[in-house]
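The values are calculated or read from the model by the stated rules, or taken from the named source; none is laboratory data. Everything numeric here is computed off the predicted structure, so don't read it as measured data. Here the Cβ is made from the backbone with ideal geometry for all residues, glycine too, and neighbour counts use every protein chain on show. Side chains included, ligands, DNA and RNA excluded: accessible areas come from the protein's heavy atoms. Shrake-Rupley method; radii C 1.70, N 1.55, O 1.52, S 1.80 Å.
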Amino acid sequence: MGNVLRKRAELYKTLTDEVLKHCCAVTGFSSEIIRKEHEKFFNIAEDGRLKKHYMEELLGDYIPAGKQKRVKYLTNCIFSAIDTNGDGYIDFLEYLMSIKFFQTESPIEKADFIFRIIDKNGDNLVTAKELARVLKCFEDYHKNSSNSHITNVMCHGPLPAANAILEKLDEDKSGLIGVSEFVDGWLKDETIRALFTF
(Lines give C-alpha, C1' and ligand atoms only; values in the text may rest on other atoms or scores of the structure.)
Protein backbone atom coordinates (compact mmCIF):
# COMPACT_ATOMS: atom_id res chain seq x y z
CA MET A 1 0.00 0.00 0.00
CA GLY A 2 2.79 2.45 0.93
CA ASN A 3 4.49 1.92 -2.42
CA VAL A 4 1.24 2.61 -4.29
CA LEU A 5 0.75 5.88 -2.40
CA ARG A 6 4.38 6.87 -2.91
CA LYS A 7 4.02 6.19 -6.64
CA ARG A 8 0.86 8.28 -6.74
CA ALA A 9 2.73 11.21 -5.18
CA GLU A 10 5.60 10.76 -7.63
CA LEU A 11 3.17 10.59 -10.55
CA TYR A 12 2.67 14.36 -10.33
CA LYS A 13 6.35 15.23 -9.91
CA THR A 14 6.89 15.73 -13.64
CA LEU A 15 4.18 17.84 -15.19
CA THR A 16 3.80 15.94 -18.45
CA ASP A 17 1.10 16.92 -20.94
CA GLU A 18 -0.96 13.94 -19.77
CA VAL A 19 -0.65 14.87 -16.08
CA LEU A 20 -1.39 18.52 -16.86
CA LYS A 21 -4.49 17.57 -18.87
CA HIS A 22 -5.68 15.30 -16.04
CA CYS A 23 -5.20 18.05 -13.41
CA CYS A 24 -7.03 20.57 -15.62
CA ALA A 25 -9.93 18.15 -16.12
CA VAL A 26 -10.28 17.30 -12.43
CA THR A 27 -9.95 20.84 -11.06
CA GLY A 28 -11.14 23.07 -13.88
CA PHE A 29 -8.01 25.20 -13.42
CA SER A 30 -6.08 26.59 -16.36
CA SER A 31 -2.73 25.04 -17.28
CA GLU A 32 -1.02 28.30 -16.21
CA ILE A 33 -2.48 28.07 -12.69
CA ILE A 34 -1.53 24.41 -12.42
CA ARG A 35 2.04 25.09 -13.55
CA LYS A 36 2.37 27.91 -10.99
CA GLU A 37 0.95 25.80 -8.17
CA HIS A 38 3.09 22.84 -9.24
CA GLU A 39 6.25 24.90 -8.83
CA LYS A 40 5.10 26.18 -5.41
CA PHE A 41 4.12 22.72 -4.22
CA PHE A 42 7.31 20.93 -5.29
CA ASN A 43 9.54 23.67 -3.88
CA ILE A 44 8.19 22.65 -0.47
CA ALA A 45 7.33 18.97 -1.01
CA GLU A 46 10.20 17.75 -3.18
CA ASP A 47 9.09 14.11 -3.00
CA GLY A 48 5.48 15.02 -3.83
CA ARG A 49 4.22 14.26 -0.32
CA LEU A 50 3.36 17.40 1.63
CA LYS A 51 3.65 16.94 5.38
CA LYS A 52 1.16 18.58 7.72
CA HIS A 53 3.59 21.13 9.17
CA TYR A 54 4.27 22.56 5.69
CA MET A 55 0.61 22.95 4.81
CA GLU A 56 0.30 26.36 6.46
CA GLU A 57 3.13 27.62 4.29
CA LEU A 58 1.18 26.74 1.14
CA LEU A 59 -2.39 27.34 2.30
CA GLY A 60 -1.81 30.05 4.93
CA ASP A 61 -3.83 32.63 3.00
CA TYR A 62 -6.92 30.44 3.37
CA ILE A 63 -6.60 29.71 7.10
CA PRO A 64 -7.91 32.35 9.53
CA ALA A 65 -5.53 33.72 12.13
CA GLY A 66 -6.14 33.02 15.79
CA LYS A 67 -4.55 31.62 18.91
CA GLN A 68 -1.84 29.10 18.06
CA LYS A 69 -3.50 26.11 19.76
CA ARG A 70 -6.80 26.78 17.97
CA VAL A 71 -5.17 27.36 14.60
CA LYS A 72 -3.26 24.09 15.04
CA TYR A 73 -6.52 22.18 15.64
CA LEU A 74 -8.16 23.85 12.62
CA THR A 75 -5.10 23.11 10.49
CA ASN A 76 -5.28 19.44 11.56
CA CYS A 77 -8.97 19.33 10.58
CA ILE A 78 -8.26 20.96 7.22
CA PHE A 79 -5.39 18.53 6.62
CA SER A 80 -7.69 15.56 7.35
CA ALA A 81 -10.29 16.95 4.92
CA ILE A 82 -7.68 17.41 2.17
CA ASP A 83 -5.88 14.08 2.71
CA THR A 84 -8.66 12.16 0.96
CA ASN A 85 -6.73 8.87 0.72
CA GLY A 86 -5.74 9.01 4.41
CA ASP A 87 -2.03 8.36 3.86
CA GLY A 88 -0.88 11.18 6.16
CA TYR A 89 0.41 13.32 3.29
CA ILE A 90 -1.08 15.65 0.71
CA ASP A 91 -0.16 14.87 -2.87
CA PHE A 92 -0.26 17.44 -5.65
CA LEU A 93 -3.78 16.60 -6.83
CA GLU A 94 -5.15 16.72 -3.27
CA TYR A 95 -3.44 20.11 -2.89
CA LEU A 96 -5.05 21.41 -6.10
CA MET A 97 -8.45 20.14 -4.96
CA SER A 98 -8.07 21.96 -1.65
CA ILE A 99 -7.44 25.23 -3.48
CA LYS A 100 -10.48 24.54 -5.63
CA PHE A 101 -12.65 24.03 -2.55
CA PHE A 102 -11.29 27.13 -0.82
CA GLN A 103 -12.01 29.21 -3.93
CA THR A 104 -15.27 27.62 -5.08
CA GLU A 105 -18.36 29.71 -5.59
CA SER A 106 -20.56 26.59 -5.51
CA PRO A 107 -22.44 26.58 -2.19
CA ILE A 108 -22.82 22.79 -2.27
CA GLU A 109 -19.08 22.19 -2.83
CA LYS A 110 -18.24 24.74 -0.12
CA ALA A 111 -20.67 23.16 2.36
CA ASP A 112 -19.34 19.66 1.63
CA PHE A 113 -15.75 20.81 2.20
CA ILE A 114 -16.61 22.63 5.43
CA PHE A 115 -18.46 19.53 6.63
CA ARG A 116 -15.33 17.42 5.98
CA ILE A 117 -13.25 19.95 7.95
CA ILE A 118 -15.62 19.77 10.93
CA ASP A 119 -15.84 15.95 10.69
CA LYS A 120 -12.24 15.45 11.78
CA ASN A 121 -12.57 11.69 12.37
CA GLY A 122 -14.06 11.17 8.90
CA ASP A 123 -17.11 9.11 9.96
CA ASN A 124 -19.49 11.32 7.89
CA LEU A 125 -21.30 12.44 11.05
CA VAL A 126 -20.74 15.60 13.06
CA THR A 127 -21.24 15.80 16.82
CA ALA A 128 -21.86 18.88 18.98
CA LYS A 129 -18.32 18.45 20.32
CA GLU A 130 -16.81 18.56 16.80
CA LEU A 131 -18.88 21.65 15.98
CA ALA A 132 -17.82 23.34 19.23
CA ARG A 133 -14.12 22.65 18.64
CA VAL A 134 -14.23 24.25 15.19
CA LEU A 135 -16.35 27.18 16.41
CA LYS A 136 -13.75 27.75 19.13
CA CYS A 137 -11.12 28.01 16.39
CA PHE A 138 -13.19 30.73 14.74
CA GLU A 139 -13.78 32.74 17.95
CA ASP A 140 -10.93 35.19 17.34
CA TYR A 141 -11.86 35.42 13.66
CA HIS A 142 -15.50 36.25 14.49
CA LYS A 143 -14.81 38.64 17.40
CA ASN A 144 -14.55 41.64 15.09
CA SER A 145 -17.58 40.63 13.06
CA SER A 146 -20.35 43.14 12.57
CA ASN A 147 -22.70 40.29 11.61
CA SER A 148 -25.45 40.19 14.25
CA HIS A 149 -26.26 36.56 13.35
CA ILE A 150 -22.77 35.50 14.46
CA THR A 151 -22.72 37.56 17.65
CA ASN A 152 -26.20 36.31 18.65
CA VAL A 153 -25.27 32.65 18.21
CA MET A 154 -21.77 32.93 19.72
CA CYS A 155 -22.64 35.20 22.68
CA HIS A 156 -22.65 32.29 25.19
CA GLY A 157 -19.62 30.51 23.73
CA PRO A 158 -18.85 27.71 21.28
CA LEU A 159 -20.57 24.78 23.06
CA PRO A 160 -24.01 26.42 23.44
CA ALA A 161 -23.68 27.63 19.84
CA ALA A 162 -22.81 24.09 18.72
CA ASN A 163 -25.80 22.66 20.60
CA ALA A 164 -28.10 25.23 18.97
CA ILE A 165 -26.71 24.37 15.52
CA LEU A 166 -27.10 20.64 16.18
CA GLU A 167 -30.69 21.10 17.29
CA LYS A 168 -31.45 23.22 14.21
CA LEU A 169 -29.81 20.93 11.61
CA ASP A 170 -30.47 17.47 13.09
CA GLU A 171 -33.59 16.74 11.04
CA ASP A 172 -33.75 13.03 11.91
CA LYS A 173 -33.18 13.75 15.64
CA SER A 174 -30.28 11.29 15.83
CA GLY A 175 -28.11 13.66 17.91
CA LEU A 176 -25.69 13.87 14.97
CA ILE A 177 -25.54 15.86 11.74
CA GLY A 178 -25.04 14.00 8.47
CA VAL A 179 -23.55 15.60 5.39
CA SER A 180 -26.94 16.09 3.69
CA GLU A 181 -28.35 17.77 6.82
CA PHE A 182 -25.34 20.09 6.97
CA VAL A 183 -25.47 20.95 3.26
CA ASP A 184 -29.21 21.57 3.50
CA GLY A 185 -28.68 23.87 6.51
CA TRP A 186 -25.84 25.66 4.73
CA LEU A 187 -28.04 26.37 1.71
CA LYS A 188 -31.02 27.57 3.77
CA ASP A 189 -29.44 29.34 6.75
CA GLU A 190 -27.36 32.50 6.49
CA THR A 191 -26.11 32.08 10.06
CA ILE A 192 -24.61 28.66 9.35
CA ARG A 193 -22.81 30.06 6.32
CA ALA A 194 -21.55 33.06 8.30
CA LEU A 195 -20.29 30.94 11.21
CA PHE A 196 -18.24 28.58 9.07
CA THR A 197 -17.07 30.77 6.20
CA PHE A 198 -13.43 31.83 6.41
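Within the group Gly175, Gly157, which residue is modelled with pLDDT under 95, under 17 Å from Val134 (Cα atoms) and surrounded by fewer than 15 Cβ atoms within 10 Å (Cβ to Cβ)?
Of the residues listed, the single one that is modelled with pLDDT under 95, under 17 Å from Val134 (Cα atoms) and surrounded by fewer than 15 Cβ atoms within 10 Å (Cβ to Cβ) is Gly157.
Could you tell me which numbered condition Asp87 fails, if it satisfies all but one of (1) modelled with pLDDT of 90 or more; (2) assigned by the TED database to the domain that holds Lys51?
It is condition (1) that Asp87 fails.
What is the residue count in the stretch 113-139 for residues that are open to solvent by less than 40 Å² (accessible area, probe 1.4 Å) and in a helix (DSSP H, G or I)?
Let us first name the residues in the stretch 113-139 that are open to solvent by less than 40 Å² (accessible area, probe 1.4 Å), namely 113-115, 117-119, 126, 128, 130-132, 134-135, 137-138.
Narrowing the set further to residues that are in a helix (DSSP H, G or I) leaves 113-115, 117-118, 128, 130-132, 134-135, 137-138.
Counting residues in the stretch 113-139 that are open to solvent by less than 40 Å² (accessible area, probe 1.4 Å) and in a helix (DSSP H, G or I) gives 13.
Please determine, by comparing only the residues of the stretch 74-93 that are buried (at least 17 other Cβ atoms within 10 Å of the Cβ) and not hydrophobic (A, V, I, L, M, F, W, C), which one is nearest to Asn124 (Cα to Cα).
Step one: of the stretch 74-93, the residues buried (at least 17 other Cβ atoms within 10 Å of the Cβ) are 74-75, 77-83, 87, 89-93.
Cutting the leftovers down to not hydrophobic (A, V, I, L, M, F, W, C) gives us 75, 80, 83, 87, 89, 91.
Numbers: Thr75: 19, Ser80: 13, Asp83: 15, Asp87: 18, Tyr89: 21, Asp91: 22 Å.
Ranking the qualifying residues of the stretch 74-93, first place goes to Ser80.
Considering Lys136, Lys100, which residue is under 30 Å from Ser30 (Cβ atoms), of a type in the set (Lys, Arg) and touching a residue at least 24 places away in the same chain (Cβ under 8 Å)?
Answer to the check: Lys100.
Would you point out which residue out of Leu15, Leu5, Leu58, Leu74 is modelled with pLDDT of 85 or more and either outside the structural domain of Val183 (by the TED database) or more than 21 Å from Phe182 (Cβ to Cβ) (or both)?
Going through Leu15, Leu5, Leu58, Leu74 in turn, just one is modelled with pLDDT of 85 or more and either outside the structural domain of Val183 (by the TED database) or more than 21 Å from Phe182 (Cβ to Cβ) (or both): Leu15.
Would you be able to tell me the number of residues in the stretch 96-112 that are open to solvent by 10 Å² or more (accessible area, probe 1.4 Å), under 17 Å from Val179 (Cα atoms) and in contact with a Lys or Arg (Cβ under 9 Å, 6 or more places away or on another chain)? Reasoning before the result, please.
Going residue by residue through the stretch 96-112, those that are open to solvent by 10 Å² or more (accessible area, probe 1.4 Å) are 97, 100-110, 112.
Those still in the list that are under 17 Å from Val179 (Cα atoms) too: 101, 106-110, 112.
After this cut, where a residue has to be in contact with a Lys or Arg (Cβ under 9 Å, 6 or more places away or on another chain) as well, the list is 101, 107, 109-110.
Number of matching residues: 4.
So, in the stretch 143-198, how many residues would count as being more than 20 Å from Ile108 (Cβ to Cβ), basic (Lys, Arg) and in a helix (DSSP H, G or I)?
Of the residues in that region, 1 qualify.
Quickly run through the stretch 140-154 and pick out the residues that are among the hydroxyl-bearing types (Ser, Thr, Tyr) and open to solvent by less than 90 Å² (accessible area, probe 1.4 Å).
Our first condition is that a residue be among the hydroxyl-bearing types (Ser, Thr, Tyr); within the stretch 140-154, this holds for 141, 145-146, 148, 151.
Once the filter is applied, which keeps residues that are among the hydroxyl-bearing types (Ser, Thr, Tyr) and open to solvent by less than 90 Å² (accessible area, probe 1.4 Å), the stretch 140-154 yields Ser145, Ser148, Thr151.
Please state which of the following conditions Gly48 fails to meet, knowing it meets all the rest: (1) outside any helix (DSSP H, G or I); (2) out of contact with any Phe, Trp or Tyr (no Cβ under 8 Å at 6 or more places or on another chain).
For Gly48, the exception is condition (2).
Based on this model, can you work out whether Leu58 counts as surrounded by 14 or more Cβ atoms within 10 Å (Cβ to Cβ) and closer than 30 Å to Leu15 by Cβ?
Working: surrounded by 14 or more Cβ atoms within 10 Å (Cβ to Cβ): yes; closer than 30 Å to Leu15 by Cβ: yes.
It is true that Leu58 is surrounded by 14 or more Cβ atoms within 10 Å (Cβ to Cβ) and closer than 30 Å to Leu15 by Cβ.
Which ones in the stretch 34-43 are among the hydrophobic types (A, V, I, L, M, F, W, C) and under 20 Å from the mean Cα position of the chain (by Cα)?
Listed by number, the residues that qualify are Ile34, Phe41.
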